[in-house]
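All of the numbers you see were taken from the coordinates with simple rules; none came from a lab. As the structure is a computational prediction, the values presented were derived from the model and not from experiment. Note that each Cβ is placed from the backbone with ideal geometry, even for glycine, and that neighbours are counted across all protein chains shown.
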Amino acid sequence: MTDWAAFDRQLASRRRAIVEGLVEFVRLNSVSQESAKVRVTGEWLTGVLRARGLQARLFETAGNPIVFGERRVPGATRTVLIYCHYDTKPIPPAGWLQPDPLEPVFRRGLPEEGGPGQPLGDFADDDLGSLALYARGSADDKGPIWSHLHALELMDALGRSPTVNVKFIFDGEEEIDSPSLGPFAEAHRDLLAADVVILTDGPQHARGRPTISGGARGMMKVELVIEAACRDVHSGNFVAPNPAWKLNGLLASMATSDGVPLIEAFEEDVVGPTAAERQMMAALPLDLPALEKDLGVRLPADYVERIMFHPTLTINGLQSGFVGAEANTIIPHRATVALDIRMVKNQQWTKVYGRLLEHLRAQGFTVLESGDEPLPDDLRGQAVRVVDKRGYDAAKTSLDLPVSREIIAAGLANEEFIARATTGYDAYRASVEPWTLEEAERVTGDHRRRRARARRRARRPLADHGRHRADVGVHRHPEDPDIAGALRQREQPAARPERAHEARSPLSGHPYDGPAADRSRRAAARVARRVSTITCPREGDEADVFVAGRTLGLADSRVAQARDPVGAHGLRRRPGGQGHEGPRPAPL
């Protein structure tokens, strides 16, 4: 058995040095779009790996470099591949409650509670365990990287060697959908070969319990443009078609006012929850009233099922004309919308994209799928141009697999575990404050009835609106592990619900600065086809490899040999890489 008391003593003795190293890491600007700065951070990280006795290389790609590290253990017969990313989202100046988002500050509580941000030097060693660090990228995803490396360092200090080979792959483009990761994985299949892939780029449960994610919703992003006149014209001097009104009408045909999708056959391949999955959903300890209070809005009673088992259609942004200080009395000539569609298991993003185009045409629009194709005058105001589209399919790993069961068992040895096992924001828990199965079935029925009412209210005749749902269970996937195919399958993670901040979010448990969480809910590598992907941060039981679950905490996961049939995982990538998300702290 592991002597955790000795482990804790080592951690306590090194805590300040560990935090100081994290501060140095976070200070490095690695915004995905700033390639030169990302490279500097990648080179620094490669040196850090070598300093800890790992074989490390900085690999060139068509974009930002990928950092790879490896420690081979004599006699080990299994290999664990750990994915994180060292790039961050952009750093817009607004929304930060500190002078410089790259200069970490420490607080005892949330900034909304009035806790001032202070530098590390203001605190004694005994205070460090109760502080939170606020800075861009501290939680997403530099903190987990730092935890992994120091977990190995502490193991070395205690003379404890992993019983598995450990590989690290640190992505420099995760926040821009990792365009280089797939080709890299394809070209380096042998280098990345592993029995199991572990990703630590996701939220912690509100109560601080470790969490396992075994799947992720798929995602499609698309940007549509309607253009009318050749230029903006004065609204007092002209009466001309307004593309903003055209776009408004088109969007109203795609979903109800409360967001229920109305696109024909939108759910045709969706598989509903099994009886076992409904029981797991019923056991999820979600405090819905607390979440509603924090967000200030009412949420549907079938909130959990909507996230896990139904696709969603979201308007991410709208643009047309001018507002605020720049407002003008003009008829704009162009209107643009950015959409994302989160898909569940069995849906393919290319097929869903096709359904979207069919809907656009059914509304009387001509679809142009080229951003450069000239717009004929006779199509002005009558055409929708697709200027950007991309996506990845949903995926899921069964928690019934031997590797899944061993990891869960390791967690349950000392504390309750939360297991996320469905497609998308798959949040399941062992047992605590369970709903009854009847309650779970009731909210399921509520959801279906709401959809049916929405479709009946729709003013346009629509085809089937996804009424045809396959009545089949969870599928397993081919047995041969395909790490390259897995890493090639992008995004992520996981579309997580927005995190609230009532002290700690009822879902993520993390406090945060600013308007939204820095934690990319898209989570990390879209590790998908044919590789068992388990995220297992925890503290406690003896295990084969240590995986840090908190910025300065230590976690371990018992990794079993995973040569059984394994699920496909396109681990969550909230394409939230676009748009501003405010800072979120890394809990110490």
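Here are the numbers for the structure shown:
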item	result
Volume per residue that the Cα convex hull of the range 218-301 spans, once the total is divided by residue count, Å³	182 Å³
FRET efficiency, 1/(1 + (r/R0)^6) with R0 41 Å, evaluated for LYS37 and VAL367 via beta carbons	0.60
Principal axis box of the range 1-45, alpha-carbon based, largest edge first, Å	45, 22, 14
With eigenvalues of the C-alpha gyration tensor scaled by 5 and rooted, the range 1-134, Å	29, 25, 12
Protection-proxy order for peptides 32-38, 229-235, each taking the mean of Cβ atoms within 10 Å per residue, highest first	32-38, 229-235
By average C-beta atoms within 10 angstrom, highest first, the peptides 16-28, 292-304, 163-175	163-175, 16-28, 292-304
Principal axes of the range 94-200: Cα extent on each, largest first, Å	51, 41, 19
Links that overshoot a 23 Å alpha carbon limit, given the list LYS167/LYS389; LYS142/LYS396; LYS221/LYS351; LYS351/LYS389; LYS142/LYS167; LYS89/LYS396	LYS167/LYS389; LYS142/LYS396; LYS89/LYS396
Equivalent ellipsoid semi-axes - Cα gyration tensor, the range 43-106, angstrom	32, 15, 12
Linear extension gain, ARG160 paired with GLU20, 0.36 nm per residue minus alpha-carbon span	47.9 nm
Sparsely packed GluC sites (Glu not before Pro) within the range 312-382, loop by DSSP, other Cβ within 10 Å at most 16	GLU369
Part-to-part distance (alpha-carbon centres) for the range 154-195 and the range 269-313, which is given in Å	33 Å
